[in-house]
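Derivation of every value follows stated rules applied to the coordinates shown; laboratory data play no part. Because the structure is predicted, anything quoted here is derived from the model rather than measured. Because the Cβ atoms are built from the backbone with ideal geometry, glycine has one as well, and the counts that use them run over all protein chains shown.
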Amino acid sequence: MNLKEIQKQVDEWTSHYSPQYWQPHEILARLMEETGELAREVNHMHGPKRKKSTEETREMGEEIADILFTLCCLANSQDINLSEAWKRIMEKYQTRDRERFTKT
């Protein structure tokens, strides 16, 4: 599934609710919450912090997907085509950073 299809799927699901999208600052707050949940999982898996016995185990992939969903909500609410934005950003990285890192 490409970004355009993901955005469309998010838009179709949110179209059943009112408001369809929250205000941008509200979506951003939600994004920070979701990012915190991912950070917590990474810290539990790879850092010094261990889960409490009462905490549920979450999958990192699902936490990342929550972030993607929230980003799609923000993009959709602002009429941003993520596929086009992705193409532009990859061109920027391929040009600007082509000699920046050690290649394998």
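Scanning the stretch 37-93 for residues that are surrounded by fewer than 17 Cβ atoms within 10 Å (Cβ to Cβ) and touching a residue at least 60 places away in the same chain (Cβ under 8 Å), we see that the one that is farthest from Val10 (Cα to Cα) is Trp86.
The rows are residues; the columns are (1) of a type in the set (Asp, Glu); (2) under 23 Å from Asn2 (Cα atoms).
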site: Tyr21; (1), (2): no, yes
site: Glu33; (1), (2): yes, no
site: Ala39; (1), (2): no, no
site: Asn43; (1), (2): no, no
site: Pro48; (1), (2): no, no
site: Glu55; (1), (2): yes, no
site: Leu71; (1), (2): no, yes
site: Ile89; (1), (2): no, yes
site: Tyr93; (1), (2): no, yes
